[in-house]
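The values are calculated or read from the model by the stated rules, or taken from the named source; none is laboratory data. Since the structure is predicted, the reported quantities are computational estimates derived from the model, not experimental observations. FYI the Cβ positions are ideal-geometry reconstructions off the backbone, even for glycines, and counts take in every protein chain you see.
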Amino acid sequence: MADLTGKVAIVTGAASGIGEAAARRLAADGASVILGDVDADGLARVAGDIGAAAVTQVADVSSQADCEALVKLAQDRFGRLDVLVNNAGVDHLGPFDDGPIDQFKHVIETDLYGLVYLTRAALPLLRATKGNVVNVSSVSGLGGDWNHSFYCAAKGAVTNLTRALAMDEAANGVRVNAVNPSFTLTALTAGMQEQPDLVAEFEQRIPMGRGAEAHEVASVISFLAGDDAVFVTGVNLPVDGGLSAANGQPRLR
């Protein structure tokens, strides 16, 4: 376990899924955690389980004002910020030219702009503590998916922004990394999980033969946030059971 005693973290999308698991793990590793999400009831549930180490604020990351308010809460409540986990996101599945263009805007404004708003607001505090950013990207940010172009566009941007920002901020002592999960068993993928044939296809393609659990992604987030990763920056780390190790050819018998 990472030792995050005395550290302060912001986790977005913390009311469920990977964000919830990350908030729980960072708190278990000693951090005080500010939880942001649009789901007030979910935030209350997670914070109630974590206890005194958790503070909540309802926030929509597609709103610059909400992002800035999360950082202000860190400053006002704790006087510092050490870790920013940009996890909040939405998905879109469907053909590129089907549906209103507002669907594309919603994905980009949440998955990409939200990360930009929050990271820009947080950088002064992170520079002061020599802190770090952990972005939750996706294997969809490392390669393309069928019928997933909006999400791939957003996560592809997150993946390369992680690299570029890590280069720029290294001189300021701020590390910037990302995790890139594959199929993960969360509420975001509930619709996929209800399709046995689709789940079987994922299991066939993932060398470890299953989807990830949210806590397994959270443990990697905690590692990247901690001092054991002090010389790691600009990394997009697949948490994918070996999926990205494959070249796409079928299994040989």
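Touching an Asp or Glu at 6+ places or on another chain (Cβ under 6 Å) and either at pLDDT below 90 or of a type in the set (A, V, I, L, M) (or both): is that true of VAL217 in this structure? The answer is no for VAL217.
May I ask you to say which residue of ARG163, ARG127 is in contact (Cβ under 8 Å) with a residue 40 or more places away in the chain, in a helix (DSSP H, G or I) and farther than 23 Å from LYS72 by Cβ?
On the way: ARG127 fails: farther than 23 Å from LYS72 by Cβ.
None of the others qualify; the one that does is ARG163.
The single condition among (1) crowded, with 21+ Cβ neighbours inside 10 Å; (2) modelled with pLDDT of 95 or more; (3) in a helix (DSSP H, G or I) that SER140 does not meet is (2). With respect to (1) in a loop (DSSP other than H, G, I, E, B); (2) surrounded by 15 or more Cβ atoms within 10 Å (Cβ to Cβ); (3) of a type in the set (Asp, Glu), the lone exception for GLU169 is condition (1).
Name the residue that is nearest to GLY242 (Cα to Cα), counting only residues in region 199-215 that are surrounded by fewer than 14 Cβ atoms within 10 Å (Cβ to Cβ) and hydrophobic (A, V, I, L, M, F, W, C). Here the residue is MET208.
Within region 26-112, which strands (runs of 3 or more DSSP E) (wholly inside it) include 2 or more residues that are in contact with a Pro (Cβ under 7 Å, 6 or more places away or on another chain) and surrounded by fewer than 21 Cβ atoms within 10 Å (Cβ to Cβ)?
Details: elements: 32-37, 54-58, 83-86.
Where strands (runs of 3 or more DSSP E) fall fully within region 26-112, none carries at least 2 residues being in contact with a Pro (Cβ under 7 Å, 6 or more places away or on another chain) and surrounded by fewer than 21 Cβ atoms within 10 Å (Cβ to Cβ).
Scan region 237-253 for residues that are modelled with pLDDT under 90 and at positive phi and report the count. Counting residues in region 237-253 that are modelled with pLDDT under 90 and at positive phi gives 1.
Note on region 122-135: among residues that are buried (at least 22 other Cβ atoms within 10 Å of the Cβ) and closer than 19 Å to SER63 by Cβ, the one that is farthest from the chain's Cα centre (by Cα) is ALA122. Taking region 72-103, which residues are at pLDDT below 95 and aromatic (Phe, Trp, Tyr)? Matches in region 72-103: PHE96 only. Of all the residues in region 216-235, those that are within 15 Å of the chain's Cα centre (by Cα), surrounded by fewer than 21 Cβ atoms within 10 Å (Cβ to Cβ), hydrophobic (A, V, I, L, M, F, W, C) and assigned to a helix (DSSP H, G or I) number 1. If only residues of region 236-253 that are outside any loop (DSSP other than H, G, I, E, B) and polar (S, T, N, Q) are counted, the one that is surrounded by the most Cβ atoms within 10 Å (Cβ to Cβ) is ASN236.
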